[in-house]
Every structure is written in C-alpha cells, then in structure tokens.
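The values are calculated or read from the model by the stated rules, or taken from the named source; none is laboratory data. In this text the structure is predicted, and so the values were computed from the model without any measurement. Here the Cβ positions follow ideal geometry from the backbone for every residue, glycine too, while neighbour counts run over all protein chains shown. To get the accessible areas, we keep the full protein, side chains included, count just its heavy atoms, and leave off ligands, DNA and RNA. Shrake-Rupley method; radii C 1.70, N 1.55, O 1.52, S 1.80 Å.
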Amino acid sequence: MEKKNLDWSNLGFGYRQTEQRYVSNYKDGAWDNGALTEDATIVLNECAGVLQYAQTCFEGLKAYTTQDNRIVVFRPDLNEQRMHDSCLRLEIPALPKGRFVEAVKQVVKANEAYVPPYGSGATLYIRPYIFGTNPVIGVKPADEYQFRIFCTPVGPYFKGGAKPLTIKVSDFDRAAPHGTGHIKAGLNYAMSLYPIVTAHEEGYDENMYLDPATRTKVEETGGANFIFVTKDNKVVTPKSDSILPSITRRSLMIVAQKYLGLEVEEREVLFEEVKDFAECGLCGTAAVISPVGKIVNHGEELCFSSGMEKMGTITQKLYDTLTGIQMGRLEAPEGWIVEI
C-alpha cells in the first residue's frame, strides 16, 4: 500500500484522523462480532454511563515499520491482559479472549498507509478503549458498552532528543490504597490533570507521586513508571499495588537483565533513597524512557549525577536496546513482536 504523503519526520505527538477504526458493541449480555468503519463519530445518550460515572478504560500501544520493512506491534497480548484486568475492576464485561489483538491487527492493516516509514522517528499510535453507552442515572454499572480502536501517526515524543526532566514531589495523591491505581482507568488520568497543569505553571515537567498511605515511598508519575539506576549499575523499579503495571517498564527490566547483563530489582523504593541513585527515568509507551535530571521536594533539589544535558549511560543503553528490538535491529524475545 502506498504511504500517505505526510512530512513524517516533522509530525507532532497529536491526533490526526485516519480512515478506519474498529467498533464492537455489547448488548443483551454479549459482544457482537465487531467491524471496521470509516465513521469517527460517537453518538451517545445524554445519560450514558460513561458520561455520568466515568465507566471507561483504555490502552495505548504502537505499530512500527522495522528495518527490514515489516509492520509490527509490540507485545499486544500484555495490553489485552491489562485491559481485561481494568474491565474486571470497573465492572465492564471483558472482551472474548483474543478479540483485542485481532482488532488491533485489523486497524493497523486497514490504516497501513499511515504507518510511518523506518528511520522517520515516527510511529502509529493505537488507542483501544471501552465505555458504558446506555442511560444510567442510579449509581450502577451500565448494561451496554462499546469497544473501539482508532490509530493516529505521531512523531517522536521529544523533538531533538530527550533532555532530562525536572520533576516535583506532589502534595497530591495519585491513587487511594486498594483503589484503581493499578488499572488504566480514565478517571485516574482525570484526577492527575490539575496537578500536572499546576506543575507546568511552576516550571516543572512532571510530578512524582508518593504512596498515599505513608507518603514515604516512590510510586509513579501521572502517566509513567519510574526506573532508577544505582551507582553500581543495578536497575531498580518501585513495587506497589497502586501503580500501573507498565508494559514498557516490564520490558526494560528484561532488557536490563537478559541483554545488558545487569542486576535488576523490583521492590519498594523509599523516597529517602532517591538521592543515592545515579540515574532516573520515566518509562511508558510514548517516549520509552524520559530521563530525569532533577527532583525538587519543597525547595530541596535532588540532582542525579547523570546531569541535565543527556540520558545517563545505563538509561541510554536501555533505550537503545528496547527501541532496537522494536525496530527490528535486534532479535526480540519470543512473542514480543507481532507482525501485521
């Protein structure tokens, strides 16, 4: 298929409507077979469950053009499992097993002309989501739902390279103990908007959220997991029941251990330890790893020895290795790459 005539190397990280999306509806206790459509419009009753009680969850993944010109997606089975877990927690009926990955494949194939070419720095971002559609005025789960997937070509999250971020320790809590912090619910992101806008107004790039029970342990930011590197090159990531199980973070820990031969550790990370780490990064689908140069805690600056000019040495190796796997430059572990 001939590619769209876009300035691939200068795409921003924003929404651009493509031609096909996937839609499936849940009614009378069952999901229909689903189908592709050109219609990007959603029509809802004013009392729809999603509008009244935020009964919705979503996922995010990408399709890539590899070095040998294949179109692939990265570990979509983990996105399917995470959406299944989100649905269970929000009383949304789960999709039939395998439906998610099959729908992703259909959407990418139908929009192949929008998959950026290898070497452009751009990718095709894929957004699956489910929401309650029928009128719900009492506080209860909806009876009807819609599952949709759209995609949009996006440029690199950081133009001109990833400069280390400055983040602040937030006075807000991201999630409640035993709440919904471990699932990808839209409501988690809604509550993070005020803190992130406030942080930007104060000159910070992001927030660091601490555990809501004791406020002594590192959790995550509004939309990314933390990875730390010790001075003896051990890769450490926080463990908590109230943070989202990032697919990128889990993949990076395997890369660190299996490809780079580094010791890895997933455990509770006390905030008082942060000053002793050599490197820090935020990991997620959009940027893979965003380096952190400085954390500010109510005026006290914690500066990482990796500095404010570029990624730390280990962080850069993790980034290069994982993107090398995604782009087909390095051999992937079994099951990580799904070809379209």
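At-a-glance table
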item	result
Most positive-pole-ward Cα, 236, 333, 295, against dipole of region 213-340 from beta carbon charges	333
GNM flexibility winner over the chain from 50, 101, 197 (Cα, springs under 10 Å)	197
Distance in nm between pseudo-label sites at residue 67 and residue 163 (7 Å out along the Cβ direction from Cα)	3.1
Label-reachable residues, region 23-57, where backbone N falls under 13 Å from a point 7 Å from residue 127's Cα toward its Cβ	40-42, 57
Taking all pairs of distinct alpha-carbon atoms in region 77-128, Kirkwood radius in angstrom	12.6
Rh by Kirkwood over Cα pairs, then Stokes-Einstein D for region 76-232 at 0.890 mPa s and 25 °C, µm²/s	132
Antiparallel DSSP beta bridges within the chain, as percent of all bridges there, nearest 5	85
Computed over region 118-208, Cα set: Rg, Dmax in Å	17.8, 52
Calculated from backbone phi, Karplus (6.51, -1.76, 1.60) coupling profile of region 136-151 in Hz, x at Gly/Pro	9, 9, x, 6, 6, x, 5, 9, 10, 9, 10, 10, 9, 9, 10, 9
Fraction of accessible area attributable to carbon and sulfur, region 175-266 (%, probe 1.4 Å)	52
Over the chain: helical MRE at 222 nm, DSSP H runs n ≥ 4 each giving -39500 (n - 2.57), nearest 500	-6000 deg cm²/dmol
Length released on extending from residue 1 to residue 102, taking residue separation times 0.36 nm less the Cα-Cα span	34.3 nm
Pairwise centroid distance, computed over Cα atoms, of region 131-190 with region 249-286, Å	23
Cα→Cβ-extended label distance, 7 Å offset, between residue 172 and residue 10, nm	3.5
Values of log10 I(q)/I(0), in the order q = 0.17, 0.22, 0.23 Å⁻¹, for region 259-335 under a Debye, Cα-only, solvent-free model	-0.78, -1.15, -1.21
3J(HN,Hα) from dihedral phi, region 276-284, Karplus parametrisation 6.51/-1.76/1.60, rounded to Hz, x for glycine, proline	8, 7, 8, 9, 8, x, 9, 10, x
Descending semi-axes in whole angstrom, ellipsoid equivalent of region 178-297, from the Cα gyration tensor	23, 16, 14
Percent of alpha-carbon pairs separated by more than 23 Å within region 13-120	37
Quotient of C-alpha Rg and 2.2 N^0.38 Å, computed over region 202-267	1.19
Exceeding the 21 Å Cα-Cα cut-off - candidates 184/239; 234/258; 97/140	97/140
Total charge dipole magnitude, region 204-315, about the Cα centre, Cβ charges on Lys, Arg, Asp, Glu only, Debye to nearest 20	340
Linear extension gain, residue 272 paired with residue 301, 0.36 nm per residue minus alpha-carbon span	9.2 nm
Taking only Cα atoms of the chain, radius of gyration then Dmax in Å	20.2, 58
Estimated distance in nm for a label pair at residue 323 and residue 88, the labels positioned 7 Å out from Cα along Cα-to-Cβ	3.5
Amide H within-cut-off set for residue 278, under 5 Å, with H built and near neighbours excluded	229, 230, 231
Mean accessible surface per residue for the chain, computed with a 1.4 Å probe while every protein chain stays in place, in Å²	46
Distribution of pairwise C-alpha distances over region 3-71, 5 Å bins, in %	3, 9, 12, 21, 21, 13, 8, 8, 4, 1
Karplus (6.51, -1.76, 1.60) ³J(HN,Hα), θ = phi - 60°, over region 5-14, in Hz, Gly and Pro reported as x	8, 10, 7, 3, 6, 10, 5, x, 8, x
